[in-house]
Amino acid sequence: MAIPVTVVDDSKISRKMVIRALPPQWNIELTQAENGEEAMAAYRDGKAEVMFLDLTMPVMDGYQVLERLQKEQLNTFVVVISADIQPEAQARVKKLGAMAFIKKPVKTSDIENVLHEYGIV
Amino acid sequence: MPDSNDTANLLNFIVDRAHVGIFVVNQKREILLWNQFMEIHSERKANTVVGQNLFEAFPELPQKWLDRKIENLFILKNFSFTSWEQRPYLFKFAHNRPVTGGVDCMRQDCTLMPVKDDNGEVQYVCFTLFDATDTSIYQSKLKETTEKLRDLSSRDGLTQIFNRRYVEEALEKEFSRARRYGNKLSVILTDIDFFKKVNDVHGHLAGDEVLRVVSQRLVNGLRDADILGRYGGEEFMVVLPETDNQGAQVLAERLRNIVQAEPIETAGESLTINISLGVSELYENTAAYAQLIAEADLALYQSKENGRNCTTLFRPDF
Amino acid sequence: MYYTNTASSKSDKKTAIMSIQPYTEDQNDALQEVVNIAMGQAGDSLARILGRFVELSIPRIHLVNVDDVIKTVTSMVNNNTEISAIRQAFSNSLRGEAIVVFAQTGADDLADLMGYDTDLAPSAEQELLLEVGNLLVGAIINGISDTLETDLSFSAPSLMAERTPLDQVLVPEQLSWSHSLLMEVNFAIEGRDAKCHLLMFMAEEAINTLRGILDEFMDGI
């Protein structure tokens, strides 16, 4: 069964880079979102069982998405992918409920490691 | 084609003998390589420094600054540089320039190069040290020449006081500043009484001497912040920052007395020379710095009308 | 919008340039992403150096031609501010010159942020500007080099101007490049911020080369 995955980033190129790094054998249904609001919409449509989330976006940023998800106790596996890789940023997103943090530029092995660690693939 | 052994030998030779300092340190700041340039100038052979901590081997190095710079390189993983212009040298080496130009030791530019392993982590820092002494000498000569040039363009050739352009620009600046901060400002215009007669009767050389002497006496009468310039043939302007016309009047009178106190000896004659002076000050409604000059000029004219050898303060009814 | 130099251009070199196409949205996007990644890494490194949380970002990159540079930078920096600037040349696949402009207040803020006495001796203040400039330029050049897989190197930075009015520093006739990538760099350290502006001057040729490099990069994704 195809797992619904949403990639959230305001940069088209960045979304492409994440998508390229997704493990080829992973059976997924892919949705793209440009900002936090679109991400939430995708979630409500049942398209975001796994979410790859950028932090700096207009309209609604990654932190706000995490807050929303946490507040409404919504159920999605969030992997934050960001250029801002400082320990504090990582700690902050973990506290907000993100399961993992991957620094850009993202490699396939990074994603594979996370998915294996959490038994998703 | 040289084989790989030859190439290795060639590279070693080049690194060792190139006319730049090359040395390498690891994360513990231990020296791993010390080329001939460094040997010669430090007077320490490679085998006496390799393996030692850089700062223990060379305690005169600016350790706090340099250690931080090295540490930053391991973290930032990118080239960094030092320049003789901010920091004249790292190592105090003798230079070999015959003409010193006031430089006591070698000036150095330095490049710090990160040497990374396969994981992209920096393992070593490679320093290249360049002798920048020549450049620094040329630079200071250039600076000297530029300053001389600036002087030439702002000074009056004959009297060596500032020229008209300079003193007018100074007034313009002081005017802006006074406007910005609400300070006082005054201007004195003065000229030598009957100067034409000096030239006609005693000749131009005498006239020149009178100008020189009067200029010098005026200079001696100024306060530190005052700016004096030769405004015209026999005319001078003084800019008095933070001074009102009362203060300016006091100074004007002092100048008048200094000039006439002693005769001027020239052309075998003893000439009595006087000056007339006009004073203006900055008001709230003074529109531009040119107005200060115009008002001082009107006041000066009044001094002439009143018999010369006196000071007049500008009044609006002139 | 096309940047076309007309017959009213003053200097010879500019009349020789016909026109330059701005980057497409995708190309801009790719460039922005490369720079974001580079700044993320530089910010992280700086945080490790300072021991404090650092935010380093470049919100937008503009491509401007040299005549517009002053206008654009002036609108970003306060008018009539005195600035200090450093310059650093880069070469190899792209040739050009980076200029980092610090408004005077920015230089003081930076010193404060980086833990220096704000009352620095002139040579120490110069060293600070050169180090920060080198850090930024180095990060971007390396970012472009690594992510776009192209060879780029840079040389030592030098001081270009100190406490000088902006329009005396950026004089179009004295800048031998035709275009510039203009980036505002925001530093924030523990809630306080400082700012500087980074201009990457290049000739039309390099702008086009970079365009090609960006296209190749996007094709490879």
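All of the numbers you see were taken from the coordinates with simple rules; none came from a lab. Keep in mind that what you see is a predicted model, and the values were worked out from it rather than measured. Positions of Cβ are generated from backbone atoms using ideal geometry, with glycine treated the same way; all protein chains shown enter the neighbour counts.
Its Kirkwood hydrodynamic radius, worked out from the mean inverse distance over all distinct Cα pairs, puts the range B:4-139 at 15.7 Å.
Between B:D226, B:D104, B:D117, where does the largest GNM mean-square fluctuation fall for chain B, given springs only between Cα atoms within less than 10 Å? Looking only at B:D226, B:D104, B:D117, the largest GNM fluctuation is found for B:D117. Taking other Cβ atoms within 10 Å as a rough exposure proxy, C:I141, B:I137 sort from fewest to most as B:I137, C:I141. Take the Cα coordinates of the protein assembly as shown, assign each an equal point scatterer, and use the Debye formula without solvent to give log10 I(q)/I(0) at q = 0.08 Å⁻¹. Reported log10 I(q)/I(0), two decimals: -0.82.
So for chain B, considering every pair of alpha-carbon atoms, how many percent are separated by more than 26 Å? Above the 26 Å cut-off, chain B has 63 percent of its Cα pairs. When chain A is treated as a GNM with alpha-carbon contacts under 10 Å, the residue of A:G46, A:G97, A:G36 showing the greatest mean-square fluctuation is A:G46. The range B:145-198 gives an Rg/Rh value of 1.11, both radii derived from C-alpha positions and Rh following Kirkwood. Each label was represented as a point 7 Å from its Cα along the Cα-to-Cβ direction; for C:E190 and A:K107 these points are 3.5 nm apart.
Remark: the range B:31-37, residue by residue, has Karplus-estimated 3J(HN,Hα) of 7, 10, 8, 8, 7, 5, 4 Hz, where x stands for each Gly or Pro and the curve is 6.51 cos²θ - 1.76 cosθ + 1.60 at θ = phi - 60°. With q set to 0.08 Å⁻¹, the log10 of I(q)/I(0) for the range C:21-219, from the Debye formula over equal scatterers at the Cα positions, is -0.24.
Take every Cα-Cα distance within the range B:155-313, group them into 10 Å bins from 0 onward, and report for each bin the whole-number percent of pairs it holds. Distribution as computed: 12, 42, 33, 10, 2, 0 percent. For chain C, the longest principal axis of the Cα atoms and the long axis of helix C:204-219 meet at an angle of about 90 degrees. Each 5 Å bin from 0 upward holds the following percent of the Cα-Cα pairs of chain A: 2, 12, 25, 28, 22, 10, 2, 0.
Taken along its principal axes, the alpha carbon cloud of the range A:1-58 reaches lengths of 32, 25, 13 Å, longest axis first. Protection proxy ranking, highest mean first, for peptides A:51-57, B:257-263, C:122-128: A:51-57, C:122-128, B:257-263, where packing is the per-residue count of other beta-carbon atoms within 10 Å, averaged.
Among the residues of A:4-13, the average count of other protein chain beta-carbon atoms within 10 Å of the residue beta-carbon is 3. Mean partner shielding of peptide C:135-144, defined as the number of other chain Cβ atoms within 10 Å of each residue Cβ, is 2.
With all pairs of different C-alpha atoms in the average, the Kirkwood value for the hydrodynamic radius of the range C:18-112 is 15.9 Å. By the equivalent-ellipsoid construction on the alpha carbon gyration tensor, the range B:209-274 comes out with semi-axes of 24, 13, 9 Å, ordered largest to smallest. Taking a ≥ b ≥ c as the square roots of the eigenvalues of the Cα gyration tensor, the range B:27-93 is classed as oblate, since a/c reaches at least 1.5 and a/b does not exceed b/c.
In chain B, a dipole from Cβ-located charges (positive for Lys and Arg, negative for Asp and Glu) runs towards its positive end, and of B:A18, B:V214, B:L240 it is B:A18 whose Cα lies farthest in that direction. Phi angles across the range C:44-57 convert, under the Karplus curve 6.51 cos²θ - 1.76 cosθ + 1.60 with θ = phi - 60°, into 3J(HN,Hα) values of 4, 4, 5, 4, 5, 5, 8, x, 9, 5, 10, 10, 10, 9 Hz, Gly and Pro given as x.
Less than 5 angstrom separates the built amide H of A:Q32 from those of A:V7, all sequence-distant by 5 or more or on a different chain.
Rounded to the nearest 20 debye, the dipole magnitude of the protein assembly as shown is 620 debye, with +1 charges on Lys and Arg beta carbons, -1 on Asp and Glu beta carbons, and the Cα centre as origin. Helix screen, chain B: DSSP H segments with Cα axial length of 20 Å or more and mean Kyte-Doolittle hydropathy at least -0.5 are B:204-221, B:245-261, B:289-305. In this rough spin-label picture, where each label sits 7 Å from Cα along the Cβ direction, the A:E67-C:L120 distance is 3.6 nm. Evaluating 6.51 cos²θ - 1.76 cosθ + 1.60 at θ = phi - 60° for every residue in the range C:32-41, the Karplus couplings come out as 4, 5, 4, 5, 4, 4, 4, 5, x, 5 Hz, glycine and proline recorded as x.
For the pair B:N9 and B:N96 in one chain, pulling the backbone fully straight at 0.36 nm per residue adds 28.4 nm over the alpha carbon distance. Using only side-chain charges placed at the Cβ, +1 for Lys and Arg and -1 for Asp and Glu, the dipole size of chain C relative to its Cα centre rounds to 440 debye. Annotation: amide H of A:M60 within the under-5 Å range of A:G36, A:E37, sequence separation 5 or more or interchain, hydrogens built in the peptide plane.
Taken about its Cα centre, the range A:73-119 carries a charge dipole of about 120 debye when Lys and Arg each add +1 at the Cβ and Asp and Glu each add -1 at the Cβ. Once backbone amide H atoms are built at 1.01 Å from N, B:A132 has B:R107, B:Q108, B:D109 as its partners under 5 Å, excluding neighbours fewer than 5 places away on the same chain. Length, then width, then depth: along the principal axes, the Cα atoms of the range C:101-194 run 40, 34, 23 Å. All C-alpha to C-alpha distances of the range B:173-220, sorted into 10 Å bins beginning at zero, yield P(r) values of 22, 31, 21, 18, 7 percent in whole numbers.
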